[in-house]
Structures are given as structure tokens and as C-alpha cells.
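Once you've had a glance at the structure underneath, I'll fire off some questions.
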Amino acid sequence: MFFSQIIEYYTENEALIVSKWMPWTMIITGLSSFLMLTLIPAPYGRYSSKSWGILVPSKLAWFVQETPSFLVPLLYNRYMNPGYVFRGFGVSEVLLSCLLLHYFQRSFIFPFLIRGGKPTPLIPFGLAFVFCCYNGLMQGSSLLKYSSYSVDWFGDIHFCVGIALFFIGMGINIHSDHILRNLRKPGETGYKIPKGGMFNYVSGANFFGECLEWTGWAIACWSLPAAAFAAFTWLNIGPRAVHHHRFYCEKFRDSYPKNRKAIIPFIL
């Protein structure tokens, strides 16, 4: 009964919820996360700890937690957007395809390239899963039901610059992950200094790539839901890049490049 009432309320107020409430909730949550994560590193990867719940194998965790961002927009459009008719790749379809492309790579390719990888505690795994469901619903409904781009948007400076930044960021992200996976030779353990690509400028090159990617996407979309996602990305993984930078500086001391920043080249 209660669940059906929630569905009914959401259906009646979906436009307001998607365009205002959900984005602002994401921004406020991102600010709260930022305050906490500046003090305590998110407990996964090198900071993984059993105190945050039972441990989930890294490949399984990444696959399960990221998949909703790929599937939820498609399922939403299939079952909750009956008025949608596909008439080719308009602006909304292209923008959504960019989102799906990223999460196809993160869900179905990236997890199975992980070598070793520390398990993820249940709590951060669950939070990541919920976020991906939430964001998949917000972005899918915003683009396919509540956006009204004209074909002229393809030539707009926001779209052109934004899409360029998106693909540059995605390339940096994937290339940086490749560098990290190949730091150690078979049988080697311990941490090494990442080198090459954007790692010559920042310690969190993979994080910088992802932040740039979603900043570009937000510019291309030019909407509050997309901007909220980009802001959350910076607020959530920006502190992680700073913690990584401190980790490298403390571990390698004088041998760590002095001119390398944490996440933004030459600045931070």
C-alpha cells in the first residue's frame, strides 16, 4: 500500500521531482559527502576496511554497482515512458548514448580487467548501487521525457565544447586506468609511482578524466540534472584524489615528483 502510494505520488509529480528535487538532493548529498570524505577516505580500494561491512569481491562489486546506470535509463524508457517514440538519434538520444557508453565500459569491461583488486565493503558498495539507480532514473527521465532540444543544439557551442570535453575526459580516464593496471609485473606486490599520460601532471589522473568527462557532458546537456551529476562527481572523487596524492607523497617522499598536483593540473 505504502509503496503504491509512493509510485502514485512520483507519477503525478514526476516533472518537478526530476527537474528540481532530485538534482538539488544530489547536490546537497554531494556537499555532505565532500565534508566527510575530506576527513575520511572512502573505504574501498587501498582504503578498504572490514569495519564498513562484509567484503564483496572487487570485480563483482564494480559490475553490480555500476550496472544500474546503464540499465535503469533503458528500463525507465521501456516501462515508465509510454509516450516516447524513437525517431532517430536526436540530441537527447545522443546525450543519453554518451552516458550509456561510459557505463557500458564501467559495467561490462572495466570490472573484468581488474587485476587483483581489494574487495569492497558492503556499505560503500550499497551506497554506490543506490546512487547509480538514482542517477540512472534522473538522467534517463530528464533526457527522454522532459528535455526539448531542437536539432540546432547540435551546432550550439555548449554541445560542441561539451561533447569534446566528454570524450577527452573519457579517453584520459580509460588510459589512466590502463596505466594503473600495468604498474606491477606478474608476481610483484606493493605500490609504485604511476607515470605517463596525465599522471605526469596529477596523482589522480583517472579521477581528473572522469570529472572532466561529466563536466563536459553537463555543458553539452545544459540542464540542472546533468550539472548536479557533474558537481557530485567532483565533490565525491575530488577528495579521493587528494588522499591518493598525500598517500604517494608520504610513501615515496623525495622520489615523488614535486610538481605533480592532486587532481587539477598546475592548480590543485
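For residues that are more than 15 Å from Glu210 (Cβ to Cβ), of a type in the set (S, T, N, Q) and in contact (Cβ under 8 Å) with a residue 60 or more places away in the chain, tally how many sit in segment 223-266.
So the answer is 2.
Let me ask something else. Do any residues in segment 3-27 that are under 19 Å from Ala218 (Cα atoms) have Cβ atoms under 6 Å from those of residues that are open to solvent by 40 Å² or more (accessible area, probe 1.4 Å) and in a helix (DSSP H, G or I), where the two are at least six apart or on different chains, and which pairs are they?
So the pair list comes out as Pro23/Leu224.
Got a number for residues in segment 123-158 being of a type outside the set (Ser, Thr, Tyr), within 21 Å of Leu224 (Cβ to Cβ) and open to solvent by less than 60 Å² (accessible area, probe 1.4 Å)?
Looking only at that region, the number is 14.
With touching a helix residue (DSSP H, G or I) at 6+ places or on another chain (Cβ under 9 Å), over 26 Å from Arg181 (Cα atoms) and of a type in the set (Asp, Glu) as the only criterion, which of Glu8, Glu14 stands out? Quick ask: steps written out before the conclusion?
Working: Glu8 fails: touching a helix residue (DSSP H, G or I) at 6+ places or on another chain (Cβ under 9 Å).
Criteria check complete, one pass: Glu14.
Among the listed residues Leu39, Leu60, identify the single one that is modelled with pLDDT of 95 or more and either of a type outside the set (Asp, Glu) or surrounded by 14 or more Cβ atoms within 10 Å (Cβ to Cβ) (or both). Before you say what the answer is, go through the steps one by one.
Values: Leu39 fails: modelled with pLDDT of 95 or more.
Going through Leu39, Leu60 in turn, just one is modelled with pLDDT of 95 or more and either of a type outside the set (Asp, Glu) or surrounded by 14 or more Cβ atoms within 10 Å (Cβ to Cβ) (or both): Leu60.
Quickly run through segment 220-268 and pick out the residues that are in a helix (DSSP H, G or I) and at positive phi.
Residues of segment 220-268 in a helix (DSSP H, G or I): 220-221, 224-255.
Correct list: Arg253 only.
For residues that are touching a Pro at 6+ places or on another chain (Cβ under 8 Å) and in a helix (DSSP H, G or I), scanning just segment 110-129, find the one that is nearest to His158 (Cα to Cα).
My answer is Phe129.
Touching a Cys at 6+ places or on another chain (Cβ under 8 Å) and either buried (at least 21 other Cβ atoms within 10 Å of the Cβ) or not in a helix (DSSP H, G or I) (or both) - does that describe any residue in segment 183-200? I'd like the intermediate steps shown before the answer.
Within segment 183-200, the first condition is being touching a Cys at 6+ places or on another chain (Cβ under 8 Å), and the residues that meet it are none.
No, segment 183-200 contains no residue that is touching a Cys at 6+ places or on another chain (Cβ under 8 Å) and either buried (at least 21 other Cβ atoms within 10 Å of the Cβ) or not in a helix (DSSP H, G or I) (or both).
What's the number of the only condition in (1) within 17 Å of the chain's Cα centre (by Cα); (2) within 16 Å of Cys133 (Cβ to Cβ); (3) open to solvent by less than 30 Å² (accessible area, probe 1.4 Å) that Gly30 fails to meet?
So the condition that Gly30 fails would be (2).
Residues in segment 202-216: is at least one assigned to a helix (DSSP H, G or I), touching a helix residue (DSSP H, G or I) at 6+ places or on another chain (Cβ under 9 Å), buried (at least 20 other Cβ atoms within 10 Å of the Cβ) and among the charged types (D, E, K, R)? If you could, list the steps in order and put the result at the bottom.
Here is the first cut: in segment 202-216, the residues assigned to a helix (DSSP H, G or I) are 205-216.
In the following step, the residues that additionally are touching a helix residue (DSSP H, G or I) at 6+ places or on another chain (Cβ under 9 Å) were identified as 205-216.
Right, trim to buried (at least 20 other Cβ atoms within 10 Å of the Cβ) and you get 205-216.
Right, trim to among the charged types (D, E, K, R) and you get 210, 213.
There is at least one residue in segment 202-216 that is assigned to a helix (DSSP H, G or I), touching a helix residue (DSSP H, G or I) at 6+ places or on another chain (Cβ under 9 Å), buried (at least 20 other Cβ atoms within 10 Å of the Cβ) and among the charged types (D, E, K, R).
How many residues are assigned to a helix (DSSP H, G or I), more than 13 Å from the chain's Cα centre (by Cα) and of a type in the set (Phe, Trp, Tyr) when one looks only at segment 74-109? Steps first, please.
First, the residues of segment 74-109 that are assigned to a helix (DSSP H, G or I): 74-79, 91-108.
If we keep only those that are more than 13 Å from the chain's Cα centre (by Cα) too, we end up with 74-79, 91-97, 108.
Next cut, of a type in the set (Phe, Trp, Tyr) only: 76, 79, 108.
Here the count works out to 3.
Also: What number goes with the only condition from (1) in contact (Cβ under 8 Å) with a residue 40 or more places away in the chain; (2) open to solvent by 10 Å² or more (accessible area, probe 1.4 Å); (3) out of contact with any Leu (no Cβ under 8 Å at 6 or more places or on another chain); (4) under 30 Å from Thr29 (Cβ atoms) that Gly162 does not pass?
Going through (1) in contact (Cβ under 8 Å) with a residue 40 or more places away in the chain; (2) open to solvent by 10 Å² or more (accessible area, probe 1.4 Å); (3) out of contact with any Leu (no Cβ under 8 Å at 6 or more places or on another chain); (4) under 30 Å from Thr29 (Cβ atoms) one by one, Gly162 breaks only (2).
Among (1) surrounded by fewer than 16 Cβ atoms within 10 Å (Cβ to Cβ); (2) out of contact with any helix residue (DSSP H, G or I) (no Cβ under 8 Å at 6 or more places or on another chain), which single condition is Ser48 missing?
(1)
Sort through Leu113, Leu55 and tell me the only one that's in contact with a His (Cβ under 9 Å, 6 or more places away or on another chain) and open to solvent by 60 Å² or more (accessible area, probe 1.4 Å).
Values: Leu55 fails: in contact with a His (Cβ under 9 Å, 6 or more places away or on another chain).
Result: Leu113 is the single residue among Leu113, Leu55 that is in contact with a His (Cβ under 9 Å, 6 or more places away or on another chain) and open to solvent by 60 Å² or more (accessible area, probe 1.4 Å).
The values are calculated or read from the model by the stated rules, or taken from the named source; none is laboratory data. All values derive from a computational prediction rather than experimental measurement. FYI the Cβ positions are ideal-geometry reconstructions off the backbone, even for glycines, and counts take in every protein chain you see. With ligands, DNA and RNA removed, areas are computed over all heavy atoms of the protein, side chains included. Shrake-Rupley method; radii C 1.70, N 1.55, O 1.52, S 1.80 Å.
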